[in-house]
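Inspection log for the structure reproduced underneath, given as C-alpha cells.
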Amino acid sequence: MSFLPQEIIRTKRDGGELDPAGIAAFIQGLTDGSVSEGQVAAFAMAVFFRGMSRKEAVALTLSMRDSGEVLSWPELDRPVVDKHSTGGVGDNVSLMLAPIAAACGLAVPMISGRGLGHTGGTLDKMESIPGYTAMPDNALFRKVVGSSGCAIIGQTGNLAPADKRFYGIRDVTATVESVPLITASILSKKLAAGLGALVLDVKCGNGAFMDNPDRANELARSLVEVAVGAGMPTTALVTDMNQPLASAAGNAVEVMNAADFLTGKARDSRLLEVTLALAAEMLVSGGLAATVEEAKKHALAALENGSAAERFNRMVAELGGPKDFLADPDRHLEKAPVVSACLAGEQGYVADYDTRAIGLSVVALGGGRIRPGDPVDHAVGLTQLLPVGTRVEKDTPIAMIHARNADQVAVAEKELRKAIRFADTAGEVAPVILGRHG
Ligand code: URA
C-alpha cells in the first residue's frame, strides 16, 4: 500500500504509536513537498496534544537529519563537539565558548541561528563584525574549522531541510512549544553537522522558551535521551534565564562584551560561570579531560593565557573580518548615534527582571526581528545591565541605551523601567546553573 499522510495523522491524533517507516515516509513527503502544508500542520497539532514516545522522537529526529546532507569530519584529528543553547537574552556564550573549546583541543563547527522573537541570535551578533562571512561555502567552513579549531557560521547548504519547512509551519500554527518537536528540530540539525558529541544549554526562566524548571528539565531530559538514542553522546545543563546573562543585550554590544571577556578587560560573573561549565562539559564529552573540575581549569587557562582570544581572532580573520579584531574591537564595531543612561528613578536593590521584556525592548530598538528575514540594526541595544541583587540609588544608571534616535530612547526607557523591579532588601539570588542531565 502506498503511503497515506492522513493515516499517519489519524494514528497520532488517536494517541497511537507511529512506526519509524511511517515517520520516515511522512518526513520524506514533508521535504519533497508531496505532503501538504495542511497535513504538516495537522500532524504537528496531533503531536502537540498526544506527544511522542522516545522511540518515535528518535525516528523523527533521524528522518529529519537524513532529509539533506549529513556532514562528517574525517580530515580532523580532534574530537568534534558543539554546544546548543535553547535561547535567551544577553546569551553570547557561544562567542567565547567556541574559541575556548578550540584552544583546549576540540574542533567546533558551530552552526548557529538568527534571533527570532525576544531572543538574540549568534549569527546576527557575528554579522556585526565588518566583513565577517557568516555563510561561507563548505570548503571555507571546513578550512576554518581545521585551522582555527572553530567556525561560527549560519546554516549552509542543505542541512536538515525538513526542519526549515516544518519549523515555518509550526511557527504559524501555534505548535512550536512541543517537547518532541523542539527536540527533533534542534537535534536533527546538530546530527547533520556530524558532531561526535553535543552539550546543551537549556535555558529556564522568564526570558526562555521554558519558563519553569519542570518544563526545562522535561526538555533537557528529552534532548539528552533522544540524542543518545540517535547515537550522539550528549549532556545538558539547565541554566537560569530570569535575568539577562551578559550585561549587554543586542548585537554589536554583545560582541563587544565577548571581546572584553576574551581579552580579560571585563567578565560578567554569571556569564563566566556558565561559559566555564559548558566548556568543561564539552571537554569531558570530547575525552580531553577526565573530570569537570580538571576541564574547568583547562578552560580558564585558555582564557587567561590568551589562547582562546587568539582562536577567536583567527576565526574572524579567516572568515573575512578584520585581521586583528580583538586588538581594537571598538574601532571596528558600528556605534549607535545616541547612547543614553536609563536611571533607576528609585532606591533599592534590583529584585527581578521581566527578561523577555528586556529582549523585546532590544527588538523594538531594531536589534531583533519581528518576522524571519527582517533586517536587524547591529548597532543598537543595551549595555551595563545590572545583575539581580545590585544596590541602586535614584540616579544610578540601570542600563545604557544604544539607539538610533531620542524617540527610541524614550520608548526603551519606559520598557526598561517596567521590566525591572526593585525591592527594599537584597533578596536571594538564584544560582545560574540549575541542574545537569546526562
Ligand atoms: N529551536 C529550534 O531550532 N527548533 C525549535 O523547534 C525550537 C527552538
Test L200 against the criterion of being within 23 Å of I100 (Cα to Cα), surrounded by 19 or more Cβ atoms within 10 Å (Cβ to Cβ) and within 13 Å of the ligand (Cβ to nearest atom), and give yes or no. yes
Can you pull out every residue in the stretch 137-166 that is among the β-branched types (V, I, T) and in a loop (DSSP other than H, G, I, E, B)? T156
Which condition number in (1) buried (at least 24 other Cβ atoms within 10 Å of the Cβ); (2) away from the ligand (no atom under 16 Å from the Cβ); (3) closer than 26 Å to L106 by Cα is the one that G229 fails? (1)
Which is of a type in the set (S, T, Y) and without any contact (Cβ under 8 Å) to a residue 24 or more places away in the chain, of Y132, Y167? Y167
By residue number, the members of the stretch 12-23 that are among the small types (G, A, S), surrounded by fewer than 19 Cβ atoms within 10 Å (Cβ to Cβ) and assigned to a helix (DSSP H, G or I) are A21
List every residue pair whose Cβ atoms sit under 7 Å apart, with the two residues 6 or more apart in sequence or on different chains, where the first one lies in the stretch 173-185 and is touching a residue at least 24 places away in the same chain (Cβ under 8 Å) and in the same structural domain as L30 (by TED's automatic domain parsing) and the second, anywhere, is among the hydrophobic types (A, V, I, L, M, F, W, C) and more than 10 Å from the ligand (Cβ to nearest atom). none
Any chance V81 is of a type in the set (A, V, I, L, M, F, W, C) and within 21 Å of T235 (Cβ to Cβ): yes
From the residues in the stretch 303-321 that are touching a helix residue (DSSP H, G or I) at 6+ places or on another chain (Cβ under 8 Å) and of a type in the set (S, T, N, Q), which one is farthest from P109 (Cα to Cα)? S307
Within the stretch 165-186, how many residues are more than 9 Å from the ligand (Cβ to nearest atom) and either modelled with pLDDT of 90 or more or touching a Lys or Arg at 6+ places or on another chain (Cβ under 9 Å) (or both)? 7
Regarding A162, is this residue in contact with a helix residue (DSSP H, G or I) (Cβ under 6 Å, 6 or more places away or on another chain), away from the ligand (no atom under 16 Å from the Cβ) and touching a residue at least 24 places away in the same chain (Cβ under 8 Å)? no
In the stretch 209-219, residue nearest to V80 (Cα to Cα) [restricted to those that are buried (at least 18 other Cβ atoms within 10 Å of the Cβ) and modelled with pLDDT of 95 or more]: L219
Just to be sure I understand, how many residues within the stretch 26-40 are part of a helix (DSSP H, G or I), buried (at least 20 other Cβ atoms within 10 Å of the Cβ) and free of Cβ contacts under 8 Å to residues at least 40 places away in the same chain? 1
Would you confirm, using the coordinates I've provided, whether F43 is within 16 Å of the ligand (Cβ to nearest atom), modelled with pLDDT of 95 or more and surrounded by fewer than 24 Cβ atoms within 10 Å (Cβ to Cβ)? no
Only one of (1) part of a helix (DSSP H, G or I); (2) within 16 Å of the ligand (Cβ to nearest atom) is not met by N217, so which one is it? (2)
For the subset of the stretch 142-155 comprising residues that are polar (S, T, N, Q) and away from the ligand (no atom under 16 Å from the Cβ), which member is surrounded by the most Cβ atoms within 10 Å (Cβ to Cβ)? S148
Residue match in the stretch 115-132 (condition: aliphatic (A, V, I, L, M), touching a Phe, Trp or Tyr at 6+ places or on another chain (Cβ under 6 Å) and at pLDDT 95 or above): yes
Which one of P329, P322 is more than 24 Å from the chain's Cα centre (by Cα) and surrounded by 13 or more Cβ atoms within 10 Å (Cβ to Cβ)? P322
Contacts under 7 angstrom Cβ, first residue in the stretch 292-311 being free of Cβ contacts under 8 Å to residues at least 12 places away in the same chain, partner surrounded by 14 or more Cβ atoms within 10 Å (Cβ to Cβ), 6 or more apart: none
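The values are calculated or read from the model by the stated rules, or taken from the named source; none is laboratory data. Since the structure is predicted, the reported quantities are computational estimates derived from the model, not experimental observations. All Cβ positions, glycine included, derive from the backbone under ideal geometry; neighbour counts span all protein chains shown.
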